[in-house]
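Right, one structure below, let's go through it.
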Amino acid sequence: MEPHGKTTTMRAKNVKFAFKEFLHSVKPYWLPILLSVLLAVGSAVLGLFVPKLLGDMTNIAVDTYPNIDWGAVGSKAIMVIILFALSAVLQYAQAFVLAVVSANYTKDLREKIITKISNLPISYFDKHKFGDTLSRMTNDVDVLTTSMSQEIADISLSLTILIGVMIMMLTISVPLSLVSFVVVPISVLVVGGITNFAQKYFREQQNTLGTLNSKIEEDYAGIIIIKSNSYEKTASDSFNATNQKLAKAATRAQVFSSLSFPVTHVFTNLGYIAICILGGMFVIDGNLSIGSIQAFIQYVSRFNRPITEIASTTATIQSILAASERIFEFLSEKEETPDEDPAMEVAKVKGEVEFHDVDFSYDGKTPIIKHFSVKVKSGTNVAIVGPTGAGKTTVINLLMRFYEPTSGYITVDGVPINKMKRADVRQLFGMVLQDTWLFSGSVEENLKYGRKNASLKDIQEVAKFCNIEHIVEALPHGYNTMISEDSDNISAGEKQLLTIARAMVANPPMMILDEATSNVDTRTEHLIQDSFEKLTSGRTSFVIAHRLSTIRNADLILVMRDGEIVEQGNHNSLLKAGGFYADLYNSQFAEN
Amino acid sequence: MFKLLRFLKPYWWQVIILLVATGAQVYTTLQLPAMMADIINNGIVASDMDVVWRDGGIMLLLAMISALTSFVASYFSAKVGAYFSRDLRAAIFQKVLSFNMTSLKNYSTASLITRTTNDVNQIQMIITMMLSMLLRAPLFCVMGLVMAVQTAPEMSWIIVVGIAAVVISVIVIMTVVAPKFKIFQNLVDKITLITRENLTGLKVVRAFNNEKLEHKKFTRANDELTRLLIFIDRILELQNPLINIIFNGTTLLCSWIGISLLNQDFRYLGNMTAFAEYVTFVMMSFLMLSLFFIMIPRANVSAGRINEVLKTSPKIHYAKKTHGLPEKRASVEFRKVDFRYSDTSEKVLDGITFRAEAGKTTAFIGSTGSGKSTLINLVPRFYEATSGEVLVDGINVKDYEKDDLMRKIGLVPQRGVLFAGTVKSNIKFGAPNATSDDVRKAAEVAQAAGFIEKLPGGYDARIAQGGTNVSGGQKQRLSIARAVCKKPDIFVFDDAFSALDMKTDARLRAALKPITEDAVVLIVAQRVSTIKDADQIVVLDKGRMVGKGTHRELLAKCKIYQSIVKSQLSEAEFRKEMHGATR
């Protein structure tokens, strides 16, 4: 009962789209699916004859009583055994076929999603949370595939049993069958109604649970603030109120969903009793044999399950549609424009970069970069400075072709980078970001990320050069130590050093650096600065600079404000000019 | 798992009603086949229509009672389950709120959240199942057995055979599959991890042109998972066909034995049908029980994690009432304070002694791991000094009632923390009685007024959960405004300025000056520029105080301070500074 409620909290908005895409995606598997449906039908049909034959057995015994014809009874018994054994074999075969189909379908679906992730433009992820994409990969795929295989088996089985049971009952006694059939539509309607009603409460429960979970998350994250502001009582009160609401909603949801059980039970019992009474009358009148009524009763009790199951499929189908909509919506997102073909190349990289009147906007409305033009000679160290929101990071994103300019273009050694392959452009630059992302793997694997064929010796040399040798050696397993994005065996500053070394191993002709602003202790800071200098010397480099020393040592400072270069020059010339840069500088460093 | 059952205690009478209702329901359900046997034996075979009608009537009554009791039972099991988990969740929440930093350090926030949410949900599911299924199954078993033996004692052995077959088949399948579940979970986690890394490292992956490499990694895990899944399914899917064979087999056996017994007693004609139904009931109950016991280990993991939290006793107990006479002006004093996380670990702070006066700024600087954050967390008693004394207004912090102490402190942590609500509700967080004017003034001091006024709704603008709809710098400024609005005697800035750009940092410190005339200001900082003007700077290195004094004094005599300054300023600037210091 519970899983149904959990998965149907969301409804598909565009049912037609969700359904069409889903059907399209299972199309390659139509043959095994059809096979499994046929197997299910076969298994159900074979199973249906079991009560009938058991009834025949009793009839033979009663008819030949007291000298029971054991030969005839025995042959019926053997038939029963063959039937249910065969039925079980078919049932297993269908489950197996379906399991393989759904496993492979799931695999393909995941594969499609991961491919999609690497084909989507970065801008997609500015607008969508990672958690959302992740839950499409995990939860939604899970819901879709498990409920799909479950539904295919259930519906085909239930329908077959329902129809088969009806036929068998009719062959035993038409009037008795009619009595039982009356129960069917009533109980389907009632159960369906209850399920729908329960859905409403399940949604309420899920929503309240969501609210409560975010409250917990928030309070735990801010526990210091709560304590130091004596806010515990208010926080508890608010928590308790939501918690109470949840308990109420959960009770209601649970009660309603479990209501369908006693209700169907009443209906089937009513049918059962009616059959006993009516059947009794028929037997007494001589219209029906005892064996038949026995068989009939068994059929009536088998009538119950498929009805409840069919009534509850609506809920599962809803959850399939909701999941399929989320998955296929993601899969049909617009991908990055393909690389030019044939693409241009930079034969021998000198490292001359030029921005030609570049404009950029994320949403097509608010301009972020305006008329950006600059020529950077080979080997120049460029520092980009300016207040938050001036567009510094965007310049770098454009250079790496994470985004494309709205107008204007960028050239490297005279070749426009939008005419080159993206991979080739990115090959030109080594990048060190503020966000010190490392993947789960060993230190060595992480350092080799930019050059797979680097030897351990290469890496050790770079490590020495980048001041991380002693850090790596202090780790429990040296270069084989496992680290990850959120591993805490190394500090933030050390992570930064690792990312610098990673860029160094790749040894690219140009460099892009985004200096971290904070949370690095002074000693590490010193090392980082030193490595930064080594990394940039002799290469064309772009640095989003926060440290004074970096800025002062730069060959060219680009002062940005609201998407434009307002000033450019070196430290001394800019200070003399007494403009925006001088202002910025004086507010921070000047003695009194 | 069973330890948690004490949370059921307040609902004992509801559990009893549940038990009675379930018993009644099971009893009535089991009477139906007996009545039917009676109809066949005494009504149909004897051609007595009166018996048929009478028994039919009784059956109808039984069915009604069964439905009613079943409803009562599901109502109470739902209710007890929901309220049980409500209490459990509240208990964990209260516990976590009482934790000090040492306990918090042992668990990560994420893990505490999972324990309060997912783990409780797991337990709730198991409890509800237990209340509805587990109570019913043994009742069905016992009553079913009794009824079956009563109707046809000669056939009792069939029950034993049937139950044995069910239990053995479940156990065999599960022992083969269960160990694979752990591997399965690991692989699922791996897939999630790779996907997450591809998302969080989006730019790095692309910058290094490693899309293909990542894809290969994913495909390997994906293939492995698929293979394992097919293996598990291949065995798990045996369950249903096997159970069907067992059920059908027992029914056949019942008919066969029943027929062979007809010569002894013709009543076996009706009884064997009833008996077959009882056997099915009993086997069903065993099936449910065995499935339930398979779920227990999973619930046990959750229960264990919850118990761990509930068992953790808060290490710091605040006094019920504040003892001692406070000094007239605010002050913070450390006297030979040592601190270590546990008895066995190394000293994080070693012999710290200083006094911070009202109207003065005391700053702490040092590299990561020097203990500066730990030091200021001793003031609100988030950590407890291992030895030595921490005094606030001349009274030992151990003699304070919690809220009396907290009222004095305005804390701004390293990471700006906001709560869902409005800008105003966040600034008023520590001072519920603050007027709109107070709020605005606090925002101005914190250099937040400018961006707040640009927000849609201004001070009434919504803040999303965790403050995700404002930038890091804005978050930090709002959390500074929150501390300012509280008008505390002691300001504690735990590296609160480094998320701000230097210009804002400077302006903010200037604005703080006039409102901190009567307050102690403690600042932990990374940047020399932030603390240069402090009245007193404490330099820490590996938990020890290596210098205390003003910027100038320290420049002149403290080697470590010199190296810190040197790393942040250019050579020329450094020389200028040194010159100024020694002049």
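Quick notes on this structure:
- Answer from B:I158, B:I127, B:I168 - the residue that is without any contact (Cβ under 8 Å) to a residue 40 or more places away in the chain and among the hydrophobic types (A, V, I, L, M, F, W, C): B:I168
- Scan of the range A:267-286 for residues that are without any contact (Cβ under 8 Å) to a residue 60 or more places away in the chain and buried (at least 19 other Cβ atoms within 10 Å of the Cβ), ordered by number: A:N269, A:Y272, A:I273, A:C276, A:I277, A:G280, A:V283
- Applying the set (1) facing another protein chain (nearest Cβ under 10 Å); (2) among the aliphatic types (A, V, I, L, M); (3) over 20 Å from A:E232 (Cα atoms) to B:A431 leaves exactly one unmet item: (3).
- Across the range A:440-476, the qualifying residues are those that are of a type outside the set (A, V, I, L, M) and touching a Ser or Thr at 6+ places or on another chain (Cβ under 7 Å), and the one among them that is surrounded by the most Cβ atoms within 10 Å (Cβ to Cβ) is A:C466.
- Single match in B:N209, B:N222 (criterion: free of Cβ contacts under 8 Å to residues at least 12 places away in the same chain and assigned by TED's automatic domain parsing to the domain that holds B:V172): B:N209
- Residue ID - nearest to the other protein chains (Cβ to nearest Cβ), chosen from residues in the range A:197-226 that are among the β-branched types (V, I, T) and touching a Ser or Thr at 6+ places or on another chain (Cβ under 7 Å): A:I216
- Single residue of A:T115, A:T106 found to be buried (at least 21 other Cβ atoms within 10 Å of the Cβ) and either at pLDDT 90 or above or more than 9 Å from every other protein chain (Cβ to nearest Cβ) (or both): A:T106
- Residues that are in contact with a helix residue (DSSP H, G or I) (Cβ under 7 Å, 6 or more places away or on another chain), over 16 Å from A:K227 (Cα atoms) and part of a loop (DSSP other than H, G, I, E, B) within the range B:306-320 comprise just one, B:T312.
- Restricting the range B:517-542 to residues that are assigned to a loop (DSSP other than H, G, I, E, B), farther than 18 Å from B:Y561 by Cα and not small (G, A, S), the residue that is farthest from the other protein chains (Cβ to nearest Cβ): B:E517
- A:I82 closer than 30 Å to A:G47 by Cα and more than 7 Å from chain B (Cβ to nearest Cβ): yes
- Scanning the range B:24-36 turns up at least one residue that is under 40 Å from the mean Cα position of the chain (by Cα), more than 10 Å from chain A (Cβ to nearest Cβ), assigned to a helix (DSSP H, G or I) and surrounded by fewer than 23 Cβ atoms within 10 Å (Cβ to Cβ).
- Options B:V96, B:V166, B:V142; residue that is more than 27 Å from A:V266 (Cβ to Cβ) and away from chain A (no Cβ under 11 Å): B:V166
- Considering the range A:345-379, the residues that are part of a strand (DSSP E or B) and hydroxyl-bearing (S, T, Y) include one that is surrounded by the fewest Cβ atoms within 10 Å (Cβ to Cβ), namely A:S373.
- The residues of the range B:220-252 that are in contact with a Gly (Cβ under 9 Å, 6 or more places away or on another chain) and aliphatic (A, V, I, L, M) amount to a single one, B:I246.
- The set of residues in the range A:402-440 that are assigned to a loop (DSSP other than H, G, I, E, B) and closer than 16 Å to A:V349 by Cβ comprises A:D413, A:G414, A:K421.
- Considered as a group, the residues in the range A:429-467 that are over 24 Å from A:Q529 (Cα atoms) and of a type in the set (A, V, I, L, M) include one that is farthest from the other protein chains (Cβ to nearest Cβ), and that residue is A:L456.
Conditions tested, residue by residue: (1) within 14 Å of another protein chain (Cβ to nearest Cβ); (2) more than 29 Å from the chain's Cα centre (by Cα).
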residue	(1), (2)
A:N287	yes, yes
A:F296	yes, yes
A:V300	yes, yes
A:I317	no, no
A:K334	no, no
A:D341	no, yes
A:V349	no, yes
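- Residue among B:A46, B:A73 that alone is of a type in the set (A, V, I, L, M, F, W, C) and out of contact with any Ser or Thr (no Cβ under 9 Å at 6 or more places or on another chain): B:A46
- Positions within the range A:375-394 being in contact with a strand residue (DSSP E or B) (Cβ under 6 Å, 6 or more places away or on another chain) and either closer than 18 Å to A:D562 by Cα or within 11 Å of another protein chain (Cβ to nearest Cβ) (or both), in sequence order: A:A383, A:I384, A:V385, A:G386, A:A390, A:G391, A:K392, A:T394
- Considered as a group, the residues in the range A:567-586 that are without any contact (Cβ under 8 Å) to a residue 40 or more places away in the chain and assigned to a strand (DSSP E or B) include one that is surrounded by the fewest Cβ atoms within 10 Å (Cβ to Cβ), and that residue is A:G569.
- Verdict on A:I500 being more than 9 Å from every other protein chain (Cβ to nearest Cβ), in contact with a strand residue (DSSP E or B) (Cβ under 8 Å, 6 or more places away or on another chain), under 17 Å from A:F439 (Cβ atoms) and modelled with pLDDT of 85 or more: yes
- Helices (runs of 4 or more DSSP H) (entirely within the range A:41-152) containing at least 2 residues that are of a type in the set (D, E) and on the phi < 0 side of the Ramachandran plot: A:70-119
- Any hit, the range B:286-300, residues being more than 30 Å from A:Q298 (Cβ to Cβ) and crowded, with 20+ Cβ neighbours inside 10 Å: yes
- Only residues that are more than 7 Å from chain A (Cβ to nearest Cβ) and aromatic (F, W, Y) were counted across the range B:192-243, and they come to 1.
- Which listed residue is touching a strand residue (DSSP E or B) at 6+ places or on another chain (Cβ under 7 Å) and surrounded by 14 or more Cβ atoms within 10 Å (Cβ to Cβ), from B:I306, B:I365, B:I316: B:I365
- Any hit, the range A:227-248, residues being farther than 30 Å from B:N100 by Cα, assigned to a helix (DSSP H, G or I) and facing another protein chain (nearest Cβ under 9 Å): yes
- Among the residues of the range A:236-274, those that are at pLDDT 90 or above, hydrophobic (A, V, I, L, M, F, W, C) and farther than 21 Å from B:A73 by Cβ comprise A:F239, A:A241, A:L246.
The values are calculated or read from the model by the stated rules, or taken from the named source; none is laboratory data. Values in this document were obtained by computation on a predicted structure and should not be read as measured data. Neighbour counts are summed over all protein chains in view; Cβ atoms, including those assigned to glycine, are modelled from backbone coordinates with ideal geometry.
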